Amino acid sequence: MAPAPDEAIDLEQGLRQAEADLLRLKARYVQVQADQQRQIELKNRLDDVRGNLRRSKTPELKAELQQIQQQLETLEVALESQLFSWSGLREVFWQAVRFGGLGIVLGWVLRSIAL
């Protein structure tokens, strides 16, 4: 038995959405990897600059140290925000509300029947 035309359209739309989600996930994964690599490089450079700064306190080294620290903070925020997505949390929240509310209503119905 062949699927109804509406079901075929829904299936195609679902597949397109899944493909789009997969592409976004892959792009985000590549970005996270690049950010992590950049973070490692910056930490290594930070250690070098700190070592040089102990030997000679030049204004250029101090400025470079501040710039590297600022870049590291920016990368850490970017990495944290990429790992935590509000859209994923929103979906979980609404599922909890939906099924939790359904459980409460079902409990009230069963209680009223039992009494």
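The values are calculated or read from the model by the stated rules, or taken from the named source; none is laboratory data. This structure is a prediction, so every number in the text was calculated from the model and none was measured. All Cβ positions, glycine included, derive from the backbone under ideal geometry; neighbour counts span all protein chains shown.
Per-residue answers, yes or no, for (1) surrounded by 10 or more Cβ atoms within 10 Å (Cβ to Cβ); (2) charged (D, E, K, R); (3) free of Cβ contacts under 8 Å to residues at least 40 places away in the same chain; (4) not in a helix (DSSP H, G or I):
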{"position": "GLU7", "(1), (2), (3), (4)": "yes, yes, yes, no"}
{"position": "GLY14", "(1), (2), (3), (4)": "yes, no, yes, no"}
{"position": "GLN17", "(1), (2), (3), (4)": "yes, no, yes, no"}
{"position": "ASP21", "(1), (2), (3), (4)": "yes, yes, yes, no"}
{"position": "ALA27", "(1), (2), (3), (4)": "yes, no, yes, no"}
{"position": "VAL32", "(1), (2), (3), (4)": "yes, no, no, no"}
{"position": "ARG38", "(1), (2), (3), (4)": "yes, yes, yes, no"}
{"position": "ASP47", "(1), (2), (3), (4)": "yes, yes, yes, no"}
{"position": "LEU53", "(1), (2), (3), (4)": "yes, no, yes, no"}
message: Being out of contact with any His (no Cβ under 7 Å at 6 or more places or on another chain), more than 30 Å from ARG24 (Cβ to Cβ) and either modelled with pLDDT under 80 or outside the structural domain of LEU25 (by TED's automatic domain parsing) (or both) is the requirement here; does LEU79 meet it?
response: no
